[in-house]
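The values are calculated or read from the model by the stated rules, or taken from the named source; none is laboratory data. Model, not experiment: these values are computed from the prediction. A quick note on method: Cβ atoms are made from the backbone with ideal geometry, for glycine too, and the neighbour counts reach across all protein chains shown. Protein only, heavy atoms only, side chains kept; ligands, DNA and RNA dropped before computing areas. Shrake-Rupley method; radii C 1.70, N 1.55, O 1.52, S 1.80 Å.
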Amino acid sequence: MKKDGKDAQTEELIEEMRLGVWRVLIARETSAGLGARWRKITSMTPTIKRFFIDVVYLAPGLLSLMFLSTLWSSFDDVLLLHLSSRILSIIEIGLKEGRPDAVAIMNAVMARMLVVAISATVEWWRNQTTPIFERRVTHHFSYLIFSSNLGTDLPTVHDNDADASLGAGPVCDHFMSLIRVVAMGIEVITLLTYIFRLALSTRHGPVFVLLCLTKPLISFLFRRSLWERPHVVQAVEPHYIRLQALRQLGDTQYRQDVISGNIGDYIVQEYEKARDGLGDTDMGWAGQQYEKKQSVQSAVMVELLGDLTMLYYAAVSVFNPAKFSLTSIAMLQHSESILRRTFTNGIYEVGELRRGINFMKRIYGLANITNVIKDGDLPYPSTDQSEVAGMSIDLRNVSFSYPGGKSNAKALDNVTFSIKSGQLVVLVGSNGSGKSTLVKLLARLYDASSGQVLMDGQDIQRYKIADLRRATASLTQDHHLYPLSLSENIGLGNPAQVSDTSTILDAAKKGGAEGFVSKLKQGFSTILDPQTVQYSVMVQASDKTPLSKEVEKLERTTDISGGERQRVVASRTFMRFTSGTVKLVIADEGSSALDPEGEWELFNNLREESQGKTMVFVTHRFGHLTKFADVILCMKDGRLVESGTHDDLMKIPDGEYFKLYDIQAKAFDSESPGTS
Ligand SMILES: Nc1ncnc2c1ncn2[C@@H]1O[C@H](COP(=O)(O)OP(=O)(O)OP(=O)(O)O)[C@@H](O)[C@H]1O
């Protein structure tokens, strides 16, 4: 079959291979010429410059000393080499002449010991100061990543998932690579100069130096590294994927399901099947498999090249024995092994540096990611609407699909309706019918794919996002508790009053949280699940040693029920009202975990607090909410299928609302099956 143009083009740009359980896609080098390589290097310069300036600014003194110490570590090899060579030649001359020069030998030995002592001191100092340097660099870049991520909206997070999860951990290492590459460059030049001088003075000449360099040069030219090229690794072996999923079922979070469902035996059997199916297929990391993938001939050739210098020594000893001196051979061999090591490390460090610079480009790029949701310039509310308590909403032919969503169906399909300021609107419909998506569009967490959302007659996209957020209070099933105190959890509904305890208490009463929070030992100061014990090695509670009792005490945490969590989140919403800027209240299943009494109280408190404000509730429970509603919007498969009051909709016997209502009503009907 003939491949179409696009496939052929993709194949040209992407190399695909299977390595063990992985499928690897690698970007081909589009232009491998010297010019292209040079352009690649120069394109890194701005990032290197910015990285360097940032780090210099963080720790100028420390950095200079670290650079000097790295430089010293690079030089001490050459110095030690030189001194060893000196000691050996003095000894050799002394032996030949029968009169060893004790003073010269002692001086050289003392000098060597001095260098060793300085190196040890420098190393000690570096070990003491590196953590300080590391902390400063990591804190700085963690903050940069953290603050960039916090400003990113939902669709943008989806598009930049990989970058959003970057951590600052490796940054310091990448910077050290930069220092090491510079120091190693200097070391290679110094070593080469030294070997040239040594080779010339011992009459071995540049041929020997070339022989020394052959192996590292050939290894460099034939090296295989996945890390130097953009690539994607995907697990494709079905047994491996199954094995990973089954392994996860061993995690504590699944323990209750596994025990109560009695599925332990099934999981073990399936695990064995998957393991047998996988057999000896390599699960090792793709990068390592890629590097190992070379022919036996090239592996043998590279190793043999390392023995070229031995051949040289053998040839010299046979054909030109006058040139042969044990000291010079020993020194040349020693210097050759240092040169090879430095060269090989240098190649590795240059690769590390390239990776580091690409990593830093991504970190710096985070700050430049532009949000998909664009800010508007109109203040909200406009001056003529500022006295109105609620917000009017109009949707005109709104359709929406989630970015990257796998379904072909639209989450919202051509939805049109109007809500007047101050109305109580209830959204109902079966699972997946688009209710939550609709409220996400009202909160401008996403923008409609087509159509228009109007607030107070203006397109929602024209308003300043911060103003809209201030005008909206939302309580949804997606809200979480923060890993902060319960007081902050509530107070952050209005950050300006986060320390106002009486306002927080009032909000907690309205949200139904005050009752259980006051019973907690630490009341509103309680932090749920504080992670203070990071690890305890070989200390088990069952051992009952004094240390295990201590660990048990430290690990004790406070937890609260799902309904109580929802009450804290509801209290946060009430706190939001204290800002005085709220015009729209959105509640998406925010009371799903509450008991009937709690739900009724919450609903009443919300209604009371929201006098005149527009309220949009999403619910599956048909009761007081639907009866109080000014408008009920009934959704099905992303479309608005019915709208009106409860009484209006109950007049459509084959309608969606009637059907959903009827199912719930029948559950309470004494004539329904099972209730007699
Ligand atoms: N983040 C997402 N990415 C991709 N698709 C999504 C996402 N969230 C929801 N969907 C899809 O959009 C459609 C509408 O979902 P939505 O959550 O709005 O329904 P819902 O009426 O609120 O459902 P429920 O009653 O179960 O809460 C569904 O088909 C759902 O699978």
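Output the antiparallel fraction of DSSP beta bridges having both residues in the chain, as a percent to the nearest 5.
Numbers: 29 of 49 bridges.
Here the share of antiparallel DSSP bridges comes out near 60 percent.
Taken as Cα centroids, region 433-492 and region 62-123 sit 70 Å apart, rounded to the nearest whole angstrom. Placing +1 on the Cβ of every Lys and Arg and -1 on the Cβ of every Asp and Glu, with no other charges, gives region 369-463 a dipole of roughly 480 debye about its Cα centre. Under the convention that each Lys and Arg Cβ holds +1 and each Asp and Glu Cβ holds -1, the size of the dipole of the chain around its Cα centre is about 2540 debye. Computing FRET efficiency as 1/(1 + (r/R0)^6) for Gln244 and Arg224, where r is the C-beta to C-beta distance and R0 is 35 Å, gives about 0.85. Helix 596-609 versus the longest principal axis of the chain: what is the Cα-based angle in degrees, 0 to 90, to the nearest 10? Tilt of helix 596-609: around 90 degrees. The relative contact order of region 457-518 comes to 16 percent, based on Cα pairs under 8 Å that sit 6 or more residues apart.
So what is the relative contact order for the chain, in percent, with contacts set as C-alpha pairs under 8 Å and at least six apart? The partial results should precede the final answer.
On the way: 833 pairs, mean separation 93.6, N = 676.
Relative contact order for the chain comes out at 14 percent.
These residues, Asp413, Asp377, Asp153, go from largest to smallest accessible area, 1.4 Å probe, as Asp377, Asp413, Asp153. Ranked by the mean number of other Cβ atoms within 10 Å per residue, highest first, peptides 631-637, 291-297 order as 631-637, 291-297. Could you work out how far helix 102-150 tilts from the main Cα principal axis of the chain, as a 0 to 90 degree angle to the nearest 10? With rounding to tens, the tilt is 20 degrees.
Using a probe of 1.4 Å on the protein chains alone, the accessible area found for Met310 is around 90 Å².
Think of a 1.4 Å ball rolled over the protein heavy atoms: region 402-460 then has 42 Å² of accessible area per residue. Using 0.36 nm per residue and subtracting the Cα-Cα separation, the extra length available between Val551 and Leu326 on full extension is 74.6 nm.
Classify region 544-649 from the C-alpha gyration tensor, please: rounded if a/c falls under 1.5, else prolate or oblate depending on whether a/b exceeds b/c.
Working: a/c = 3.24, a/b = 2.23, b/c = 1.45.
It is prolate, given that a/c is not under 1.5 and a/b is the larger ratio.
Computed from Cα positions, the angle between helix 238-248 and the longest principal axis of the chain comes to roughly 70 degrees.
In the assembled protein chains, Leu150 presents an accessible area of approximately 130 Å² (probe radius 1.4 Å).
Mean 1/r over all different Cα pairs, inverted: what Kirkwood radius does the chain give, in Å? Write down the numbers at each step before the final one.
Working: mean 1/r = 0.0307 Å⁻¹.
That comes to 32.5 Å for the chain.
On a full-extension model of 0.36 nm per residue, what is the gain between Ser518 and Leu154, subtracting their alpha-carbon distance, rounded to one decimal in nm? Let's see the in-between values first.
Numbers: separation 364, 0.36 × 364 = 131.04 nm, distance 3.56 nm.
Working it through step by step, the gained length comes to 127.5 nm.
Between Arg28 and Val498, what is 0.36 nm times their sequence separation minus the Cα-Cα distance? Round to one decimal in nm.
Working: separation 470, 0.36 × 470 = 169.20 nm, distance 5.41 nm.
Computed gain between Arg28 and Val498 is 163.8 nm.
For the pair Phe319 and Glu92, a Förster radius of 30 Å applied to the C-beta separation gives a FRET efficiency near 0.85, rounded to the nearest 0.05. Here the label points at Met113 and Met17, each 7 Å from Cα along the C-beta direction, are separated by 5.4 nm in the simple model.
Computed with every protein chain present, the accessible area of Lys509 is close to 120 Å² [probe 1.4 Å].
For the chain, with all protein chains present and a 1.4 Å probe, just round the carbon and sulfur fraction of the accessible area to a whole percent.
In the chain, the share of accessible area belonging to carbon and sulfur is 57 percent.
The distance linking region 290-330 with region 249-263 is 61 Å (Cα centroid to Cα centroid, whole angstrom).
If you sort the three axes of the alpha carbon gyration tensor as a ≥ b ≥ c, you get a/c of 1.5 or more for region 368-449 and a/b no higher than b/c, which makes it oblate. Label-to-label distance for Asn408 and Leu58 is 5.0 nm, based on points extended 7 Å past Cα in the beta-carbon direction.
From largest accessible area down, sort Ile48, Ile26; use a 1.4 Å probe on the protein chains. Could the numbers behind the result be given before it?
On the way: Ile48 50, Ile26 0 Å².
Per-residue accessible area, sorted high to low, gives Ile48, Ile26.
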